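Input: a single structure, listed below in structure tokens.
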Amino acid sequence: NKGFEKTFIQNGSVDLAITNVPFATNYKVYDPIEKDLSSRFTSLHDFCIAKNVRKLKEGGIGIFLSTSKTLDNSEALRHWVTNEGNSDFIGAYRLNVGAFKGATVTTDVIIIKKRTNNIKSHLAIDVENSSLVKSEKFFVNDKERIANLRYNEYYVKNPQLMSGIMD
């Protein structure tokens, strides 16, 4: 047993990667095998997604449970996936804070497909656009609250892909 950052898996060798991306803060990422990724993506979330994408075969699928920050804030990762990662986002679903017992963050289910012959997938969705700030009213114990939330523009255009109250 060892951490993903210390595990060797051949690039382009995986058909399907499914992972709950580690939820850790103040964790220094260093991967002796994928040094370029660990120096580029200091966020553990972003590093794990990028490393998994690099391991996918052409046509391979990656399914990631990550915080909403991946699609709302991680512009560098989103750009890397669709350019250097030679992959497309083909699905994104947002689950509210209460979706997983004990979780204190909003969770996204992100689906990525590695391109075949460098051809963009007909299933590709656009999640590259900058996040927006949106004010939303909601109620807690019959008291009205207003929160300013950061959303990826994809969710603004597709609110049916968000489940429950976002926090």
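Some observations on this one:
- Computed extension length for residue 117-residue 36: 26.8 nm, one decimal, from 0.36 nm per residue of separation with the Cα-Cα distance subtracted.
- Surface accessible to a 1.4 Å probe, residue 120 within the full protein complex, Å²: 140
- Under the combined filter of DSSP loop state and at most 16 neighbouring Cβ atoms within 10 Å, region 9-105 retains these chymotrypsin sites (Phe, Trp or Tyr not before Pro): 23, 27, 30, 100.
- Average silhouette area of the chain, convex hull of alpha-carbon atoms, in square nanometres: 10.6
- With every protein chain in place, the chain: carbon and sulfur % of accessible area (1.4 Å): 51
- Note on residue 2: aspartates and glutamates with a C-alpha under 14 Å away, same-chain residues under 8 apart excluded, are 31.
- Rounded, prolate or oblate (a/c below 1.5 giving rounded, otherwise prolate when a/b exceeds b/c) for region 11-54 by Cα gyration tensor: oblate
- FRET E, pair residue 84, residue 142, Förster distance 45 Å, beta-carbon r, rounded to 0.05: 0.35
- The chain, accessible area per residue, ligands and nucleic acids excluded (1.4 Å, Å²): 56
- Electrostatic tally near residue 5: other residues with Cβ closer than 11 Å to its Cβ, Lys and Arg +1, Asp and Glu -1, net +3.
- Put 108, 15 in order of accessible area, highest first, and with a 1.4 Å probe you get 15, 108.
- Under 14 Å, Cβ to Cβ, from residue 128 - net charge with Lys/Arg +1 and Asp/Glu -1: -3
- Among 45, 122, 79, the sequence by solvent-accessible area, most first, with a 1.4 Å probe is 122, 79, 45.
- Within region 1-96, GluC sites (Glu not before Pro) in DSSP loop having at most 14 other beta-carbon neighbours inside 10 Å: 84
- Two-site label geometry, residue 124 and residue 97: point separation in nm, points 7 Å out along Cα→Cβ: 3.6
- Dividing the summed -39500 (n - 2.57) terms of all DSSP H runs of n ≥ 4 by the residue count of the chain sets its mean residue ellipticity at 222 nm at -5000 deg cm²/dmol.
- Residues of type aspartates and glutamates that residue 157 reaches as a straight line, Cα spacing below 20 Å, ignoring anything fewer than 8 places off in the same chain: 72, 75, 88, 108, 126, 128, 136, 167
- Cross-link check: pairs 6/57; 28/57; 69/114; 114/137; 28/55; 113/137 evaluated at a Cα-Cα cut-off of 31 Å; pairs beyond the cut-off: 114/137; 113/137.
The values are calculated or read from the model by the stated rules, or taken from the named source; none is laboratory data. These numbers come from a predicted model, not from an experiment. No Cβ is skipped: glycine too gets one built from the backbone with ideal geometry, and neighbour counts run over all protein chains shown. Just the protein is used for accessible areas: all its heavy atoms, side chains included, with ligands, DNA and RNA removed. Shrake-Rupley method; radii C 1.70, N 1.55, O 1.52, S 1.80 Å.
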